[in-house]
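Input: a single structure, listed below in structure tokens.
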Amino acid sequence: MLLSRRTLFGLNLALLLAWPVAWTAPLARAGLLPFFQGKEVSIIGGLGALWEADALLAILVFLFAILMPVAKTAALGLLLAGRLSARAEPVIALLGKLSMAEVFLVALYIVVVKGVGLGHVTPAWGLWLFTACVLVQIAIAELASHRRD
């Protein structure tokens, strides 16, 4: 059974509250690593450390982890409110794929560090929250694309 447009709109609005929590929540706990030694790493905290080390990479993380999810949330909200044409759905899908890139980058970082044997990194609850936000957003977009009312 498909959810109503109103329910999807409400879930989408809830993401506006969840995103900032996900950005400040710990993604991973790092030990014996450059930049993050002994700290919990969050998206916002990581952006600060990256900015000092590599501004271009910090800008890319900002785009994929913050701007793309917010842009998709806004676009989905407009679509569900009837303020955006269904022709925008391919753009919304692309925004969702780009926002998933951050989850991939964090997972890759953890795998590389564990494989090289430098220090240790363990995933934290913020990684799961961020991943859940991205997946819920993908589900909302998919269900919205099947709505024809």
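The values are calculated or read from the model by the stated rules, or taken from the named source; none is laboratory data. Computed from a predicted structure; not experimentally measured. Neighbour counts are summed over all protein chains in view; Cβ atoms, including those assigned to glycine, are modelled from backbone coordinates with ideal geometry. The accessibility values were calculated without ligands, DNA or RNA, using every heavy atom of the protein model including side chains. Shrake-Rupley method; radii C 1.70, N 1.55, O 1.52, S 1.80 Å.
Key figures
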quantity	calculated
Region 40-55 - phi-based ³J(HN,Hα) in whole Hz, Karplus 6.51/-1.76/1.60, Gly and Pro as x	7, 9, 10, 4, 5, x, x, 4, x, 5, 5, 4, 5, 8, 7, 4
Calculated FRET efficiency for the pair L94/I59, C-beta based, R₀ 25 Å, to 0.05	0.85
Per-residue HN-Hα couplings for region 75-81 [Karplus 6.51, -1.76, 1.60; θ = phi - 60°; Hz; x = Gly/Pro]	5, 4, x, 5, 5, 5, 7
Built amide H within the under 5 Å cut-off of L84, gap 5+	L79
Ranking by accessible area, most exposed first, for R87, R29, R5 with a 1.4 Å probe	R87, R29, R5
Fully extended contour minus Cα-Cα distance, from S145 to W51, at 0.36 nm per residue	30.1 nm
